[in-house]
Amino acid sequence: MADVFFLGVLFLQQQINQSIHQNMKKVIALAFVAGMFSLVSCGPSAEEKAAEEKRQADSVAAADAAMKAAEEAAAAAAAATLDTTAIDTTVSATNTAK
């Protein structure tokens, strides 16, 4: 009789352990899903994304404008450089001799 009672207790203990194990699986799965939703919701909003795109576009436009200004300044500096081989030095020598 004690053996039957002991086997009954072991069977009940096994059933309780399986029930706890299944419930813990559900709790862990639910916690995992909740964690994934919380990570996804932490991303930037649509307004923040639009503001970032506008900032990048403004940055690119400012860089293009600065590059164009630098190219124009370089062209102006190159044009202002005097080509000494193109000057007629004989004209200045005759003007000083008079």
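Between a residue in segment 53-78 that is without any contact (Cβ under 8 Å) to a residue 24 or more places away in the chain and part of a helix (DSSP H, G or I) and any residue that is among the small types (Gly, Ala, Ser) and surrounded by 10 or more Cβ atoms within 10 Å (Cβ to Cβ), which pairs come within a Cβ distance under 9 Å, given they are 6 or more apart or on different chains?
Taking only residues 6 or more apart or on different chains, not a single pair turns up.
Could you list all residues from segment 28-40 that are loosely packed, with under 10 Cβ neighbours inside 10 Å and among the β-branched types (Val, Ile, Thr)?
The one that is loosely packed, with under 10 Cβ neighbours inside 10 Å and among the β-branched types (Val, Ile, Thr): Val40.
Given (1) exposed (fewer than 10 other Cβ atoms within 10 Å of the Cβ); (2) part of a helix (DSSP H, G or I), where does Gly43 come up short, assuming only one miss?
If we test Gly43 against (1) exposed (fewer than 10 other Cβ atoms within 10 Å of the Cβ); (2) part of a helix (DSSP H, G or I), just (2) comes out false.
Computed from the coordinates by the stated procedures, all read-outs in this text should not be read as laboratory data. Because the structure is a prediction, the values reported are computed rather than measured. All Cβ positions, even for glycine, are placed from backbone atoms using ideal geometry, and neighbour counts span all protein chains on display.
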